[in-house]
Amino acid sequence: MIRVQDLRKHYGPIRAVDGISFEIERGETFGLLGPNGAGKTTTIHMIAGILPPDAGSVEINGSSDPTRASVRSQLGVAPQALALYEELTGEENLAFFGRLHGLRGATLRGRVQWALEFAELTERRRSLVKTYSGGMKRRLNLAIALIHEPPALLLDEPTVGVDPQSRNHIFGRIEDLRRRGLTVLYTTHYMEEAQRLCDRVAIMDHGKMLDVGTVDELISRHGGVSVIEAELERPPESTVSLPGTLEGTSLRIETTKPLEEVARLAELGVRITALKVHRPDLETVFLALTGRRLRD
Amino acid sequence: MRGILTLALKDLLLIWRDKFGLFWILGFPVIYAVFFGSVLGGGHGDGSGATSIALTDEDQTEFSQEFTARLASSEALSVTPMTREEGREAVRLGRQAAQVVLPTGFGESLGFGGQEEGGLEIAIDPSRRAEGAYLQGILMSTTFEMITDRFMDPERAREWLPDLRRDVEEAPEIPGLQRDVLLQFYDALDKFLGDIDPDIYQSGPALQGPRVEAVSVTRDPSGPQSAYEIMFPVAMLWGLMGCTAGFAISLVRERSRGTLLRLRVSPLSRAQILAGKGLACFLACSAVIVMLLALGRFLFNIRFENPPAFALALACTSLAFVGIMMLLSTLGRTEEAVGGSSWAVLLLFGMVGGAMIPRFVMPLWMQALSNFSPISWGIRAMEGATWRGFTLVELAPACGVLLLFGAVCFSLGVAILSRHET
Ligand SMILES: Nc1ncnc2c1ncn2[C@@H]1O[C@H](COP(=O)(O)OP(=O)(O)O)[C@@H](O)[C@H]1O
Ligand SMILES: [Mg+2]
């Protein structure tokens, strides 16, 4: 659905995007995970056809020029900075952008109603956007991107500055869209979001893509071992040979297959009072790839 | 085209909701026109432009009463009878422009008493000298008309002869021989006036008094009839300045609030997005001009006789300011920067262009400078389309300059905008 090949953009000496390639299948949710300044927004702008790349190509649904209106209209874009008319109501914002996409009459009304329900703003539809909370604005920002029923969505950090409740609501909505078969490009600097929502994730830093794959693939490639910490009821009899290292009643096991190790402990008949499993996550992956943490 | 219209309507709605911006577009120009129109002696309430005078008739003769009646019937004057003291007070308080007193002996001397008794007395409000000078003209011509009318009636002219004879007989400084010649002349004149057929007498060439009403500048139909006629075209330009600054700010706001990004990912091209903004600005400018015209026409009697000329002036002026708006929107990256610098530029143009002090009171060098201000040309176009009653051809120079100015600003603005965006 979306194919990006060796995309490059620099601002003076800053290489905002430095040779990026990836392909998003139809119906896939693809994450771009990276810290602030990694080049995620720049990438999205080039895909959306509003920023000419210095080099490289973008292909959307087989067409190679995203500056053409017919190509662009297959995309819905929710910009990172809220892009709303504060002096219009939620309903007016939706209707305005719907009209720009050529919707009229009953179709337009139907879509506006759908989008208001999607964003859970039906009750506040006649209030000016400037009176909305941060979460409501984020939801509207997302709903506007969907007003013309595009087959693909570009979401640029759609949960920035949002309370946990609104964030959960947005997650739920994006999962709905996934189930309906939309293709989604999702950028974020929160690894939990990428982990929860994305089929595949690309790790980005300093304009470069460091690796791409499913969350499990990335973890097994770069995450290293899991750590199991178990507190035993009493010191084991010397006949039993336990994996890992034992200090008093505290047992610590480093393994790539934590679940299997826990099952083995149970088979050995060891009684455990407390158990902790530290699985590596995308944070660990990022640390392994860059030597830095995702959020400083 | 539909997309452009959708954009423009959205902008008009936003401008409408922005009460602060709206004040500069509509509120301020209306206040400006009405306030300065009335302060500068606009219409004296009745809209006729008549000079108000207090009249005191102390003479109470047939001549003074006829004189009073003639002044009262003049369209240029609004006459209120008062005593001498009341009249003086009314002028001092600015309620009347002038006081006219017909003293005892006025009828006797036929208004030509001069420094002696019987001469007409006038007191004028010093801040209304122009009206005072005009009033003196009217008084002169009225006196002249009355005397002419007397001479044109042989019977009434004969009534004067006994008085004249007595004057000559009693004047010691006239030598005896001269006195006889004069008295013989009066006798002959008396016989002539008594014998002549009045119809033949009056068919001769009549004496003409000075036509004061026709030559006075303020009554000249080619001049402004009231201060409102001068102030409304200027107010229209103030409205355009408000529109221009408002839309320049709204263009940057689209960028700073991120909505420009959203417009750019819509199916609209960059040119269409700018066209939408331009159309909105054009419509707002035109609406402001039309509203001010309607207000001026119906409440303050502004002349407006040539709708096609007005339409041309309106279109050219609005287009020019759309171009200026595009250029102003490039003067900064933030709303504050663009708002501040736009008003600075517009006020500077307004100052030399006659939006603060009228062009005709400027020194010559400044009048020359005003040729570089689009606001000056806008005022000229709007005056031409209203009270000056220009034809399309007479409007052409101002419209041409405006279009040229607009085109240059527009091209520059669009070029800079597209540089910003890549
Ligand atoms: N218009 C611009 N001019 C100069 N530098 C820019 C511009 N836009 C982005 N950058 C730089 O490019 C880099 C990538 O920015 P961005 O794509 O916004 O990162 P992200 O969205 O991942 O936070 C940053 O270092 C940023 O400062
Ligand atoms: Mg970003």
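Checked against the criteria, A:E120 counts as touching a residue at least 24 places away in the same chain (Cβ under 8 Å), in a loop (DSSP other than H, G, I, E, B) and either away from chain B (no Cβ under 13 Å) or of a type in the set (A, V, I, L, M) (or both). Residue count for the stretch A:80-105 satisfying the condition of being within 7 Å of chain B (Cβ to nearest Cβ), closer than 26 Å to A:H189 by Cα and open to solvent by 10 Å² or more (accessible area, probe 1.4 Å): 2. Of all residue pairs spaced 6 or more apart or on separate chains, those with beta-carbon atoms under 9 Å, a first member in the stretch A:22-43 that is farther than 14 Å from A:I203 by Cα and away from ligand 1 (no atom under 15 Å from the Cβ) and a second member that is assigned to a helix (DSSP H, G or I) and open to solvent by less than 10 Å² (accessible area, probe 1.4 Å) are A:T29/A:I174; A:T29/A:L177; A:T29/A:L197.
Checked against (1) among the charged types (D, E, K, R); (2) surrounded by 22 or more Cβ atoms within 10 Å (Cβ to Cβ); (3) within 15 Å of A:L32 (Cα to Cα), A:R139 meets all criteria but (3).
Taken as a whole, the structure leaves A:G31 outside the set of residues that are of a type in the set (G, A, S) and either farther than 23 Å from A:S73 by Cα or not in a strand (DSSP E or B) (or both). Of the conditions (1) away from ligand 2 (no atom under 16 Å from the Cβ); (2) more than 24 Å from A:T284 (Cα to Cα); (3) open to solvent by less than 30 Å² (accessible area, probe 1.4 Å), A:V162 satisfies every one except a single condition; which number is it? Result: A:V162 fails condition (1) only. Pairing each residue of the stretch A:61-75 that is more than 8 Å from chain B (Cβ to nearest Cβ) with any residue that is surrounded by 16 or more Cβ atoms within 10 Å (Cβ to Cβ) and among the polar types (S, T, N, Q), provided the two are 6+ apart or on different chains, yields C-beta distances under 6 Å for A:N61/A:Q74. Contact list please: Cβ distance under 8 Å, first residue in the stretch B:162-187 and within 21 Å of B:E108 (Cα to Cα), second residue among the small types (G, A, S), pairs at least six apart or on different chains. So the pair list comes out empty. Taking the criterion of being more than 17 Å from A:R167 (Cβ to Cβ) and at the interface with chain B (Cβ under 10 Å from one of its Cβ atoms), the only residue of the stretch A:131-144 that qualifies is A:I144. The residue of the stretch A:44-55 that is farthest from the other protein chains (Cβ to nearest Cβ), among those that are within 10 Å of ligand 1 (Cβ to nearest atom) and hydrophobic (A, V, I, L, M, F, W, C), is A:M46.
Residues are listed down the side, and each one gets a yes or a no for (1) within 30 Å of A:A202 (Cβ to Cβ); (2) assigned to a loop (DSSP other than H, G, I, E, B); (3) out of contact with any strand residue (DSSP E or B) (no Cβ under 9 Å at 6 or more places or on another chain):
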{"residue": "A:L218", "(1), (2), (3)": "yes, no, no"}
{"residue": "A:L242", "(1), (2), (3)": "no, yes, no"}
{"residue": "A:I253", "(1), (2), (3)": "no, no, no"}
{"residue": "A:V277", "(1), (2), (3)": "yes, no, no"}
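The set of residues in the stretch A:8-26 being in a loop (DSSP other than H, G, I, E, B) and either within 16 Å of ligand 2 (Cβ to nearest atom) or more than 14 Å from chain B (Cβ to nearest Cβ) (or both) consists of A:P13, A:E25, A:R26. Counting residues in the stretch A:170-180 that are modelled with pLDDT under 95 and either within 16 Å of ligand 2 (Cβ to nearest atom) or within 13 Å of chain B (Cβ to nearest Cβ) (or both) gives zero. Taken over the stretch A:35-48, the criterion of being assigned to a loop (DSSP other than H, G, I, E, B) and closer than 12 Å to A:L154 by Cα is satisfied by A:A48 alone. If you check B:S411, B:S370 for being open to solvent by 50 Å² or more (accessible area, probe 1.4 Å) and touching a Gly at 6+ places or on another chain (Cβ under 9 Å), only one passes: B:S411. Do you know which of the residues in the stretch A:56-72 that are hydrophobic (A, V, I, L, M, F, W, C) and away from ligand 1 (no atom under 16 Å from the Cβ) is most open to solvent (accessible area, probe 1.4 Å)? This residue is A:A69. The single condition from (1) among the hydroxyl-bearing types (S, T, Y); (2) within 14 Å of another protein chain (Cβ to nearest Cβ); (3) surrounded by 15 or more Cβ atoms within 10 Å (Cβ to Cβ) that A:T29 fails is (2).
For the stretch B:225-267, a residue qualifies if it is touching an Asp or Glu at 6+ places or on another chain (Cβ under 7 Å), open to solvent by 10 Å² or more (accessible area, probe 1.4 Å) and within 16 Å of B:M325 (Cβ to Cβ), and the qualifying residues are B:I249, B:S250, B:R253, B:L260.
Is it true that some residue in the stretch B:102-119 is modelled with pLDDT of 85 or more and either buried (at least 19 other Cβ atoms within 10 Å of the Cβ) or of a type in the set (D, E) (or both)? Yes, there is a match, as at least one residue in the stretch B:102-119 is modelled with pLDDT of 85 or more and either buried (at least 19 other Cβ atoms within 10 Å of the Cβ) or of a type in the set (D, E) (or both).
Does B:N301 fit the bill of being on the phi > 0 side of the Ramachandran plot and touching a residue at least 24 places away in the same chain (Cβ under 8 Å)? Criteria met by B:N301.
The values are calculated or read from the model by the stated rules, or taken from the named source; none is laboratory data. Just so you know, these numbers come straight off a predicted model, no measurement behind them. FYI the Cβ positions are ideal-geometry reconstructions off the backbone, even for glycines, and counts take in every protein chain you see. Heads up: the accessible areas ignore ligands, DNA and RNA and are worked out on the full protein's heavy atoms, side chains in. Shrake-Rupley method; radii C 1.70, N 1.55, O 1.52, S 1.80 Å.
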